[in-house]
Structure formats: structure tokens, C-alpha cells
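*Asks:* Have a look at the structure that comes next, please.
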Amino acid sequence: MRYETPTTTKEAATLLYKEKGQAHILAGGTDLLVRMKMGMTEPTLVVDIKHIPAMQAITKSAAGFKIGATVCGAAMTEHAALGKAWPGLVEAANLIGSDQIQGRCTMVGNLCNGSPAADSVPAMIAAGAKAIVVGKDKRRTVAVDKIVTGPGKTSLAKGEVIEAITLPARLPRSGDAYLRFTPRTEMDIAVVSAAVNLTLERGVVKTARVVLGAVAPTAVIVAKAAKAIIGTKLDDEALEKLTAACAAACNPIDDKRGTIEYRTKVAGVLAKRAAKIAYQRAGGTL
Amino acid sequence: MTGVLVSTTINGDAVQFACPTDETLLDSLRNRVGLTGAKEGCGTGDCGACSITLDGRLVCACLVLGVEANGREIGTVEGLVEDGKLHPLQEKFIEHAALQCGICTPGFLVAAKTLLEKNPKPSEEQIRYALAGNLCRCTGYDKIVRAVQAAAKEMRKK
Ligand SMILES: Cc1cc2nc3c(=O)[nH]c(=O)nc-3n(C[C@H](O)[C@H](O)[C@H](O)COP(=O)(O)OP(=O)(O)OC[C@H]3O[C@@H](n4cnc5c(N)ncnc54)[C@H](O)[C@@H]3O)c2cc1C
Ligand code: FES
Ligand code: FES
């Protein structure tokens, strides 16, 4: 196995593009090393992207936050301004594994691993996050919800690397929240999860995004659930409609950790709770 | 020597070792550097027996490649002793009988030390959350939590 430590994203993309065997990007390694250990992959090339300066920081500009692809979960939690603007997203990233995992795991690794239960993904999609994708010849910007196409599958072409995640400028009176259900409070995989991001105008929901995780092959944007709460102050009727829309959007697996019926029911409940938290964070009173 | 040469700092000392590129840092530490404090419980990030710090951050050594250590600073349980004197956490683990078989202990010590450096006065809940990545099959955790609380108190006196 060749181990490379390029210092630019383009160099990383070129190395990956040229490799004829099994090539993998190494960010925090909390998915990749487990897969290597279990014999699920035997790479001929591992490209460690942690030496690329363009991927290492969280920066804020008028356009919003930019989070480098190698920023670990613990560094996101330590960033006060990010947590103030996007508390739901930071909470979601912070739910990934233990403190040991937080010291290594990245949101981009979480995304590109392609697990339907990946915790940071619904929150990124609800936030309207975009990925800066770098190939050997060109760069493009893609909405995060267009990256994962199925369990373990992404739309990235051979050699393409995500350099950073960008979040849109935060409007006043906005809030987000992410909740997941797990049998154990720490160190467990989501059976169902829900992310809500919204902006208010005089206490009324002006824009909203509702995203569910672990209830389908990829995270799902539930446009009908967002529509149910837009124009309302989250009255009971609106929340009922949101709950029903979420249940209708579920297409979950059936396993020992949660039956289809259970996951479908809990999805609506979590979305409702997340909507209330996001609403209050945006300054609304229930 | 086979493999890639890695120059790193371990518990403040410059160390060099050579390892294959696909070897975990846990294996490098144990089999090449001779630091056997970090243990392999699971090898997949679940048990925390292999906890070390990498540039000050708590990580599982079983999920780091040995070659990744090049140019970086590692802290292991062996670094807790200073001038032949046990760290307050070690003292309190013994006093409170917070270990039985001891396999999990180095991991708990490293994780607890990282916690107390960030938060010198953690609540019981904060301790339990911070140590959620460390599994113990023997003690039932309660004595570990008490020992960390006692060590925190001791360390605040200094
Ligand atoms: C004990 C344990 C507990 C866990 N708990 C959770 C949990 O609660 N919730 C959860 O969602 N996940 C959990 N995970 C899974 C894992 O920690 C996360 O998915 C994590 O975010 C992966 O990030 P990473 O940087 O470690 O990824 P890596 O392992 O480095 O990479 C993962 C994949 O993404 C690709 N990749 C990485 N960076 C890029 C990039 N910049 N561009 C393109 N592709 C890239 C890699 O090639 C690889 O295929 C857990 C894992 C362990 C071991
Ligand atoms: S051996 Fe590393 S976490 Fe269990
Ligand atoms: S003392 Fe035996 S595993 Fe903890």
C-alpha cells in the first residue's frame, strides 16, 4: 500500500485519478480504517489529505462559514461562532461517536462514507450546505444532498475530492436543530433522525427545510413537511401536518434495531420536536 | 528495516521507528516502540482501550496509521508518571479500586486526563459522557467515576 501526503487538493485529485488499483482518501480514518481492518477493502493507495492547508480551517466571511474537509468534530464543537450560528449542525457532528472519534472524524468523511444513518448529513442538507469538489482539472460546487446516491455510493467522479463544506450566510431570526433516536445515549447508530432549519419573520415561519435520516437509502428532504409549517407559528395543526408528511416520506429498513412501523412513527415525532427547538432558537415563542 | 521511517515525538521524547504503511499506530507503539500501555480491546474504535493523544487530541490508536504519526506529538499512558511519581488519576484509581483486570485502565486514564485538562471540575454526567468511548467489563464504571472525581478534586488543590 502506497501512502501519500499531498499538500494541495489538486495534487490529491491527480494521485487518486492516476491510481489503477484501489485508492482511498484518508481523512479521520474512523470509517476507512475499520473497513480495512475488517478486510472490506485492501487499498493499493491511501491519500492522507490532512497535510493540505486549504482543508484545515473553519473560516467566516460575508458569504457564510467554510469548513475545511479535515476539520474534526471536536474542532467544530470548540468553534464558538459556528455553534452560535448553526447549533443544530454542530450538535449533529458532535453526536458522531465518542470523544476519541470526535478527535478524528470529519463531516465530509461522514458524508462520503454514504451511510443512510450518518448524523451530520441531514443537518448539513437542512442548512443548505454545499460541497466544494476538486478534480484534477476542474472545481465545482455541488449541493450536499446531491453527493450521496445510495448506501456507500456517491456522485463523485474518479479522483474527485471534497475540499470544504460551505454554509450560506445566516439570516437573522434563524435556527436549526437535529435529533436522533438511539437505544443508547452515546456511541450508537441512529435508528431514525431529523433535522430542521428555519427562518422567521415576525414569529411566522418564512422558510424551512426538513430532512430525515436513517429512514431511506439516503437522507430525504421532506418538502411537504416544510410546506406544512411555512406561514405558521407552529400551531398544533401545522405540526400534525408536518408529522404526517414525515411519516409518508419514510421508506426504512426493518431490522432488530427498529421495525418499519416504529421508524416511521418516530420520524414524525423527532421532526416535530426538532422543529420546535429550531423555532425557539430562531427567537420564536411557542 | 522494512517500511517507512517515521519520526515522531512520544511523551516529549523524539522517537523514530519504521513500519509498513498499513500498520496501525497501536501496533507500532506496542510492537516497535515497546510502549504496551495502550491495549487492543476491539481494534475498531469501540472500546477505547487504545486511547492516546495525537497533537493533544484524544484518539483511538487502533484507528490511526503508524505513518500518520510522522511529525506529530503523541501522548500515551506511560507519560502520566512524572519524576517517578504517579499522576493523581493513577493514585486515585488505586485508592478507589477503579480497576480489576486492568485492560481498560490505560485508556480510561488517558481519556480522563484529557477531560480534566479541558474541564477541571466536571459534573458526574460530564465525566460519564467524556468516558462513554471507554468500555470496562469488570468494574461497573461507578468506581472509575468516583476516582476521576477524587483526582479532579486533588488536582484543583495544586
Ligand atoms: C466507534 C465508532 C462510532 C461511530 N459513531 C458514529 C455515529 O454515532 N454517527 C455517525 O454518523 N457515524 C459514526 N461513526 C462513523 C464515522 O466515525 C463517521 O462516518 C465519520 O464522520 C467519518 O469521518 P472520517 O473523517 O473519519 O472518514 P474517513 O474514514 O477518513 O473516510 C470515510 C470515507 O469518506 C471518504 N472521504 C473522506 N474525506 C473525503 C474528501 N475530502 N473527499 C472525498 N471523499 C472523502 C473516504 O475515502 C472514505 O471512503 C462511528 C465510527 C466508529 C469507529
Ligand atoms: S482497540 Fe481501539 S477502540 Fe478498541
Ligand atoms: S478492569 Fe477489566 S475491563 Fe475494566
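The values are calculated or read from the model by the stated rules, or taken from the named source; none is laboratory data. These numbers were taken from a predicted model, which means no experiment stands behind them. With ideal geometry, Cβ positions are generated from the backbone for all residues, glycine too; neighbour counts draw on all protein chains shown.
*Asks:* May I ask you to list pairs of residues, at least six apart or on different chains, whose Cβ atoms are under 6 Å apart, with the first in segment A:22-36 being among the polar types (S, T, N, Q) and the second being within 16 Å of ligand 3 (Cβ to nearest atom)?
*Replies:* none
*Asks:* Please tell me if A:Thr7 is without any contact (Cβ under 8 Å) to a residue 24 or more places away in the chain, out of contact with any Gly (no Cβ under 7 Å at 6 or more places or on another chain) and in the same structural domain as A:Ala69 (by TED's automatic domain parsing). Before the answer, list the steps.
*Replies:* Working: without any contact (Cβ under 8 Å) to a residue 24 or more places away in the chain: no; out of contact with any Gly (no Cβ under 7 Å at 6 or more places or on another chain): yes; in the same structural domain as A:Ala69 (by TED's automatic domain parsing): yes.
Judged against the criteria, A:Thr7 is not a match.
*Asks:* Follow-up. What number of residues within segment A:45-84 satisfy the criterion of being more than 10 Å from ligand 1 (Cβ to nearest atom) and either touching a Phe, Trp or Tyr at 6+ places or on another chain (Cβ under 9 Å) or within 22 Å of A:Ala177 (Cα to Cα) (or both)?
*Replies:* If we filter segment A:45-84 for residues that are more than 10 Å from ligand 1 (Cβ to nearest atom), which is where we start, we get A:45, A:51, A:53-54, A:56-67, A:74-84.
From what's left, either touching a Phe, Trp or Tyr at 6+ places or on another chain (Cβ under 9 Å) or within 22 Å of A:Ala177 (Cα to Cα) (or both): A:45, A:58-60, A:63-67, A:74-84.
Matching residues across segment A:45-84 total 20.
*Asks:* Counting just the residues of segment A:7-39 that are closer than 21 Å to B:Leu25 by Cβ and more than 24 Å from the chain's Cα centre (by Cα), which one comes out farthest from the other protein chains (Cβ to nearest Cβ)? Reasoning before the result, please.
*Replies:* Our first condition is that a residue be closer than 21 Å to B:Leu25 by Cβ; within segment A:7-39, this holds for A:24-39.
This time we only want the ones that are more than 24 Å from the chain's Cα centre (by Cα), so: A:37-39.
Details: A:Lys37: 6, A:Met38: 8, A:Gly39: 12 Å.
Taking the candidates together, the pick is A:Gly39.
*Asks:* Restricting to helices (runs of 4 or more DSSP H) lying wholly in segment B:59-144: which have 2 or more residues that are in contact with a His (Cβ under 8 Å, 6 or more places away or on another chain)? Working first, answer last.
*Replies:* Values: elements: B:88-95, B:105-118, B:124-130.
Answer list for segment B:59-144: B:105-118.
*Asks:* Let me ask something else. Within segment A:37-56, work out how many residues are touching a residue at least 40 places away in the same chain (Cβ under 8 Å) and within 16 Å of ligand 2 (Cβ to nearest atom).
*Replies:* Here the count works out to 0.
*Asks:* Considering only segment B:54-106, how many residues are surrounded by fewer than 17 Cβ atoms within 10 Å (Cβ to Cβ) and within 16 Å of B:Ala151 (Cβ to Cβ)?
*Replies:* Looking only at that region, the number is 8.
*Asks:* Does A:Val121 satisfy being of a type in the set (A, V, I, L, M, F, W, C) and either within 24 Å of A:Gly268 (Cβ to Cβ) or within 16 Å of ligand 2 (Cβ to nearest atom) (or both)? Don't jump to the end; show me each part of the working.
*Replies:* Working: of a type in the set (A, V, I, L, M, F, W, C): yes; either within 24 Å of A:Gly268 (Cβ to Cβ) or within 16 Å of ligand 2 (Cβ to nearest atom) (or both): yes.
Yes, satisfied.
*Asks:* Among the candidates A:Ala208, A:Ala226, A:Ala248, A:Ala216, single out the residue that is out of contact with any helix residue (DSSP H, G or I) (no Cβ under 7 Å at 6 or more places or on another chain) and crowded, with 22+ Cβ neighbours inside 10 Å.
*Replies:* Numbers: A:Ala208 fails: out of contact with any helix residue (DSSP H, G or I) (no Cβ under 7 Å at 6 or more places or on another chain); A:Ala248 fails: crowded, with 22+ Cβ neighbours inside 10 Å; A:Ala216 fails: crowded, with 22+ Cβ neighbours inside 10 Å.
One residue alone meets the criteria, A:Ala226.
*Asks:* So how many residues does segment B:107-142 have that are more than 10 Å from ligand 3 (Cβ to nearest atom) and over 17 Å from B:Arg57 (Cβ atoms)? Can you show your working first?
*Replies:* Of segment B:107-142, the ones more than 10 Å from ligand 3 (Cβ to nearest atom) are B:109-133, B:142.
Keeping just the survivors that are over 17 Å from B:Arg57 (Cβ atoms) gives B:120-128, B:142.
Within segment B:107-142, residues that are more than 10 Å from ligand 3 (Cβ to nearest atom) and over 17 Å from B:Arg57 (Cβ atoms) number 10.
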